[in-house]
């Protein structure tokens, strides 16, 4: 083989290697790999070079399954680098069975890796009654002040219990004020009545709703507003949730229960005067995410939050990658098959 052919072969190999790297994602993740969290490098896509952190820290809705699944969708189909952070026990295991600290206020949960929120371009957040150390709460609050987008799912509106309070101008700020609503009770029957999403007609052209044709899930409709705390003027309602009479997708509506807002947007301005786009979606169990509409809205919200609306395509893939068999929501852990597991189990 002459020198010209050797040179050509060398260049071809480099080009092939670069092409494979672009398709499969860079081998270097956005944050260091660890046994305490998961990392996914972005493949080719509009999100290349952007970093999304997903937080799975609750005891009921199996976010330990849904957030890694969603991270794969975002990284493989859309090019985002993704990191999934979990609530873990003293052994470093993902542990949804660690209870909310209602009886023992000295207890603390632990979400390793929250310091990496400083490196995130967008956060997808699902936590429930987390009692966290002050340093971990500060990482959340620094992000709330960062001007970066926040996608809050299901129980995020009651995501903390006790601990360091978020303040703005010396005033305590509730999650209701920041997100535009918070849990006030189960409007739909808890674990008995599924939810059918109804797009708000005058907002059907919102970027988050591009390509969304069907919205359904087994999680019930939350009541987040009432006469004393009405739906805020600074929020834009995108989807109403109609309770159904049971958990089947084709079930008729429960006509005794009116549809209530389950998805809306707003802008939050933190302590630095920076505006953050907020999308709050009170659906979001692992089973809900089997529904294409639920996945597409969440993926679209990432693009919207990052000001990438022009990159949202109605036919972009939000297909689940690999085997996804979400466990049912609930607290009967032994019957449901929920137990502490090493982080790598969810890769």
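The values are calculated or read from the model by the stated rules, or taken from the named source; none is laboratory data. The structure displayed is predicted, hence computed values, not measured ones. Here the Cβ is made from the backbone with ideal geometry for all residues, glycine too, and neighbour counts use every protein chain on show.
Results, tabulated for the structure shown:
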{"read-out": "Failed condition for residue 76, given (1) surrounded by fewer than 20 Cβ atoms within 10 Å (Cβ to Cβ); (2) over 18 Å from residue 330 (Cα atoms); (3) out of contact with any strand residue (DSSP E or B) (no Cβ under 7 Å at 6 or more places or on another chain)", "value": "(1)"}
{"read-out": "Meets criteria (crowded, with 17+ Cβ neighbours inside 10 Å and without any contact (Cβ under 8 Å) to a residue 60 or more places away in the chain) for residue 153", "value": "no"}
{"read-out": "Residue list for the range 235-270, restricted to those being over 20 Å from residue 200 (Cβ atoms) and outside any loop (DSSP other than H, G, I, E, B)", "value": "268, 269"}
{"read-out": "Evaluation of residue 335 against (1) crowded, with 17+ Cβ neighbours inside 10 Å; (2) assigned to a helix (DSSP H, G or I) (one fails), failing number", "value": "(1)"}
{"read-out": "In the range 140-170, the residues that are over 17 Å from the mean Cα position of the chain (by Cα) and over 29 Å from residue 104 (Cβ atoms)", "value": "145, 146, 147, 168, 169, 170"}
{"read-out": "First in the range 281-295 and surrounded by fewer than 24 Cβ atoms within 10 Å (Cβ to Cβ), second anywhere and in a strand (DSSP E or B), Cβ under 6 Å, 6 or more apart", "value": "291/216; 291/217"}
{"read-out": "Residue match in the range 227-247 (condition: in contact (Cβ under 8 Å) with a residue 60 or more places away in the chain and surrounded by 13 or more Cβ atoms within 10 Å (Cβ to Cβ))", "value": "no"}
{"read-out": "Residues within the range 81-91 that are touching a helix residue (DSSP H, G or I) at 6+ places or on another chain (Cβ under 8 Å) and within 10 Å of residue 111 (Cα to Cα), tallied", "value": "3"}
{"read-out": "Residues that are touching a helix residue (DSSP H, G or I) at 6+ places or on another chain (Cβ under 7 Å) and not in a loop (DSSP other than H, G, I, E, B), drawn from the range 217-234", "value": "217"}
{"read-out": "Check on residue 148, closer than 16 Å to residue 52 by Cα and either surrounded by fewer than 23 Cβ atoms within 10 Å (Cβ to Cβ) or touching a helix residue (DSSP H, G or I) at 6+ places or on another chain (Cβ under 9 Å) (or both)", "value": "yes"}
{"read-out": "Test set (1) assigned to a loop (DSSP other than H, G, I, E, B); (2) within 24 Å of residue 122 (Cα to Cα) - residue 192 fails condition number", "value": "(2)"}
{"read-out": "Test set (1) farther than 30 Å from residue 334 by Cα; (2) assigned to a helix (DSSP H, G or I); (3) in contact with a strand residue (DSSP E or B) (Cβ under 9 Å, 6 or more places away or on another chain) - residue 157 fails condition number", "value": "(1)"}
{"read-out": "Filter result for the condition that a residue is farther than 30 Å from residue 167 by Cβ, in contact (Cβ under 8 Å) with a residue 12 or more places away in the chain and not in a loop (DSSP other than H, G, I, E, B), over 44, 76, 48, 91", "value": "76"}
{"read-out": "In the range 94-119, the residues that are within 14 Å of residue 37 (Cα to Cα) and surrounded by 17 or more Cβ atoms within 10 Å (Cβ to Cβ)", "value": "94, 95, 110, 111, 112, 113, 114, 116, 117"}
{"read-out": "Cβ-Cβ under 6 Å pairs, at least 6 apart or on other chains, the range 51-64 side under 8 Å from residue 96 (Cβ atoms), far side at pLDDT 95 or above and part of a helix (DSSP H, G or I)", "value": "58/155; 64/346"}
{"read-out": "Qualifying positions in the range 156-179 - under 23 Å from residue 67 (Cα atoms) and buried (at least 18 other Cβ atoms within 10 Å of the Cβ)", "value": "156, 157, 158, 159, 160, 175, 178, 179"}
